[in-house]
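**Q** One structure is given below, represented as structure tokens, and several questions about it will come after.
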Amino acid sequence: MTQSKRKIVIVGGGITGLAAAFRAQEKINHEQLDAEITIVEANHRLGGKIQTVVQDGFVIERGPDSFLERKISMGRLIKDVGLEDKLVPNATGQAFILVNDKLHPMPGGAIMGIPTQIKPFMVTDLISLTGKLRAAGDFVLPKSDHQRDQSLGTFFRRRLGNEVVENLIEPLLSGIYAGDIDQISLQSTFPQYGKLEQEHRSLIAGMKKTSPAANRKPGDKKKSMFLTLSTGLESLVDQLETMLGDCEIVKGTRVESIRRGERYRLSLNSGAVIEADSVIFTVPHFTAGSVFSETELLNEIEDIPATSVATVAMAFNKEEVEDILDGTGFVVSRNSDYTITACTWTHNKWPHTVPDGKVLLRCYVGRAGDETVVDLSDDQIERIVLDDLNKIIKVKSKPAFTIVTRWKKSMPQYTVGHRERMANVRAELEKSFPGVYLAGASYDGIGLPDCIDQGEAAAYKALNFITQ
Ligand code: FAD
């Protein structure tokens, strides 16, 4: 009897699953391995949270709109699939923070809200004199002897004081995680800041010594930090799908449970069963939890909180919107009475995505503790967003069109102790389900490049496992 090919099944066809499949297939072809890959995706399309709408000359991202250039795996994947010529950097410009009904320019030298240059920080009216003096305490405060994980809030409040946290750091971080910074783990999100404190005592002094951006001179041109694709991020998904011709791709089908036997048996909602020698789960933690519900393996991470958000893209003729400042957009401090949490002036930040003479405002609603808005109707969300916008700019008519996209439980919150819990779960999984891996936004990083890193690492582990 001939032995069938060894099979890796990838559950979930978002960017994590696609990156895993691409790298695994690349190695199978290159090393002529006797192995095959199947992707099972619940939806009728691939890409997960990456979704682009091209409409009336606009290129609109419903989910992620760009990625950090310094995290190299996404740029590398884009080059490897032949889309390098479509890479576009963001147009740089002033970013603002909305505090007390006023847009304040982000002080020069603020990195992730951490002030690293004295002069712009001293002149900003975003922070009171008392708040500024408290932040200067960072230069003299001893380093903490906190050996275990701590929340971002605990860490930054201790070093820089509450006012800097609330008016500068929290709005920016919450723009990334839609979370509560007093719950989110320092170790799982920004471990480098904890390290700076341990090595340099002062966070600000540590940043000055290690970050080129902290030493930019006042006249230096701001460097772009983000990249996107001129045709929209979904073009990466389409290109990956085209290049994955050797993989079997099963769409519109959910994996519901897994059983260990001679091979793994994955039960699908269609009633069919797929056998596999190795499995990479790239689905959110709550879905992975239900797939493993016959065991208690994922109990520790199944209840990771996940926040719901919605993006609201609104298109206008230029003359219909007044008082937009020359800049890229703003984030909103939690102590302001607004429902929107951020707004990108997309026509300024990503001009290639908006036709001449038009304006595209892309707002966010929903964050930890404030998510009910996501369940309202499109019309209600549009009205709330317009009311908020009208407090700071003048929107003279209804948008030519609005695209509301709800992302339920889409932002996993890595709460304090997350890394340790993940390590425990992985160790248990390895014992009870060898050759089965977890990768993706719920686990070791939420940004697109972090997801790609995880997908690629899982692909190599799975190949090692089936060929050992
Ligand atoms: P997903 O994209 O969620 O893919 C998981 C896939 O699994 C889905 O396709 C799903 O249908 C499928 N699935 C679920 N259950 C099953 C099942 N039982 N069987 C089979 N398949 C299943 N990151 C950035 O770097 N830059 C940004 O600008 C940015 N902006 C963002 C904006 C928003 C609104 C959101 C929500 C996220 C943003 N992120 C951003 C984060 C980033 O987009 C995500 O973390 C990333 O896309 C997640 O990819 P993934 O493959 O891990 O998960």
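The values are calculated or read from the model by the stated rules, or taken from the named source; none is laboratory data. What you see is a predicted model, and the numbers here were worked out from it, not measured in a lab. Cβ placement follows ideal geometry from the backbone for every residue including glycine, while neighbour counts extend to all protein chains displayed. Each accessible area value is taken on the protein alone, full model and side chains, heavy atoms only, with ligands, DNA and RNA left out. Shrake-Rupley method; radii C 1.70, N 1.55, O 1.52, S 1.80 Å.
**Q** Counting other Cβ atoms within 10 Å, keep those with at most 11, restrict to DSSP loop, and tell me which GluC sites (Glu not before Pro) in the range 250-315 are left.
**A** Hits after loop and neighbour filter: GLU262, GLU294, GLU296.
**Q** Under a 5 Å amide H to amide H cut-off, with H placed in plane at 1.01 Å, what residues pair with ILE184 once short-range neighbours are removed?
**A** HN-HN under 5 Å from ILE184: LEU152, GLY153.
**Q** Just to confirm a number: summing +1 for Lys and Arg and -1 for Asp and Glu over residues other than LYS396 whose beta-carbon lies under 10 angstrom from that of LYS396, what do you get?
**A** Within the 10 Å Cβ shell, the charges total -1.
**Q** Take the alpha carbon atoms of the range 238-303, find their center, do the same for the range 449-468, and report the distance between the two centers in whole angstrom.
**A** Taking the Cα centre of the range 449-468 as reference, the centre of the range 238-303 is 15 Å away.
**Q** Could I ask something else about it? Once amide H atoms are placed 1.01 Å from N in the peptide plane, what residues at a sequence separation of 5 or more from LYS222, or on another chain, have their amide H within under 5 Å of its amide H?
**A** none
**Q** Using Cα-Cα distances under 8 Å and only pairs 6 or more residues apart, what relative contact order does the chain have, in percent?
**A** Across the chain, relative contact order equals 25 percent.
**Q** Hey, another quick one. With only Lys, Arg, Asp and Glu charged, each at its Cβ (+1 for the first two, -1 for the last two), find how big the charge dipole of the chain is about the Cα centre; round to the nearest 20 debye.
**A** Result for the chain is approximately 1260 debye, rounded to the nearest 20.
**Q** Could you pull out every one of the aspartates and glutamates with an alpha carbon less than 16 Å from that of LYS79, ignoring same-chain neighbours closer than 8 positions?
**A** Straight-distance partners of LYS79: GLU26, GLU69, GLU234, ASP238, GLU241, ASP453, GLU456.
**Q** Continuing with the same structure: Using only Cα atoms, find the angle between the long axis of helix 378-390 and the longest principal axis of the chain, and express it within 0 to 90 degrees, rounded to the nearest 10.
**A** The two axes meet at around 30 degrees.
**Q** Rounded to the nearest 5, what % of DSSP beta bridges with both residues in the chain are antiparallel?
**A** Here the antiparallel bridges make up roughly 70 percent for the chain.
**Q** Amide H to amide H under 5 Å from ARG216: which residues, 5+ apart in sequence or cross-chain, H placed 1.01 Å off N in plane?
**A** Residues meeting the criterion, in which the H sits 1.01 Å from N, do not exist here.
**Q** May I pose another question? Over the range 109-210, with every protein chain in place, what whole percent of the accessible area is carbon and sulfur at 1.4 Å, could you tell me?
**A** Here carbon and sulfur together make up 58 percent of the probe-accessible area.
**Q** Can I ask one more? Give the cross-link partners of LYS5 among the aspartates and glutamates, using a straight C-alpha distance below 16 Å as the criterion and excluding same-chain residues fewer than 8 apart.
**A** In chain and number order, the partners are GLU31, ASP34, GLU36, ASP246, GLU248, GLU262, GLU275, ASP277.
**Q** Would you kindly derive the ³J(HN,Hα) couplings of the range 4-20 from the backbone phi angles with the Karplus curve 6.51 cos²θ - 1.76 cosθ + 1.60 (θ = phi - 60°), listing them in order in whole Hz, with x for Gly and Pro?
**A** Running phi through 6.51 cos²θ - 1.76 cosθ + 1.60 with θ = phi - 60° gives 6, 4, 6, 10, 9, 9, 9, 9, x, x, x, 5, 5, x, 5, 5, 4 Hz.
**Q** Rounded to whole Hz and in sequence order, give me ³J(HN,Hα) for the range 294-299 from the Karplus expression 6.51 cos²θ - 1.76 cosθ + 1.60, θ = phi - 60°, writing x for Gly and Pro.
**A** Once θ is set to phi - 60°, the couplings for the range 294-299 become 6, 10, 10, 4, 9, 3 Hz.
**Q** Oh, and also: Show me the ranking of peptides 57-63, 132-138 by mean Cβ neighbours inside 10 Å, starting with the highest.
**A** 57-63, 132-138
**Q** What angle do you read, to the nearest 10 degrees and between 0 and 90, between the alpha-carbon axis of helix 191-200 and the longest principal axis of the chain?
**A** So the inclination is approximately 60 degrees.
**Q** Below 13 angstrom from the Cβ of LYS71, what's the summed charge of the other residues (Lys, Arg +1; Asp, Glu -1)?
**A** -3
**Q** Excluding SER174 itself, what net charge comes from residues whose Cβ is under 13 Å from its Cβ, given Lys and Arg +1 and Asp and Glu -1?
**A** -4
**Q** So how strong a dipole does the range 109-210 carry about its Cα centre when Lys and Arg Cβ are +1 and Asp and Glu Cβ are -1, to the nearest 20 debye?
**A** 440
**Q** Tell me whether the range 109-210 comes out rounded, prolate or oblate; compute the Cα gyration tensor, take square roots of the eigenvalues as a ≥ b ≥ c, and use a/c under 1.5 as the rounded threshold.
**A** Judged from the Cα gyration tensor, the range 109-210 comes out oblate (a/c at least 1.5, b/c at or above a/b).
**Q** Counting heavy atoms of the protein chains only and a 1.4 Å probe, report the per residue accessible area for the range 306-412 as a whole number of Å².
**A** 41
**Q** Can I ask one more? Angle, helix 448-467 long axis vs. longest principal axis of the chain, Cα atoms, 0 to 90°, nearest 10?
**A** Value to nearest ten degrees: 20.
**Q** Right, another one. Spelling out what I want: for every residue of the range 121-138, take phi, set θ = phi - 60°, compute 6.51 cos²θ - 1.76 cosθ + 1.60 (Karplus), and round to whole Hz; glycine and proline get x.
**A** In residue order, the calculated couplings are 6, 5, 8, 5, 9, 6, 10, 6, 4, 4, x, 5, 5, 5, 5, 5, x, 4 Hz.
**Q** Take peptides 159-172, 369-382 and line them up by average Cβ neighbours within 10 Å, highest first, as a rough protection proxy.
**A** Put in order of decreasing packing, that is 159-172, 369-382.
**Q** Rounded to the nearest 500 deg cm²/dmol, what is the calculated helix-only ellipticity per residue at 222 nm for the chain, with -39500 (n - 2.57) per DSSP H run of length n ≥ 4?
**A** -9500 deg cm²/dmol
**Q** Can you list the lysines whose alpha carbon sits under 17 Å from that of LYS318, skipping same-chain ones fewer than 8 residues off?
**A** Filter leaves LYS349, LYS358, LYS394, LYS396, LYS398.
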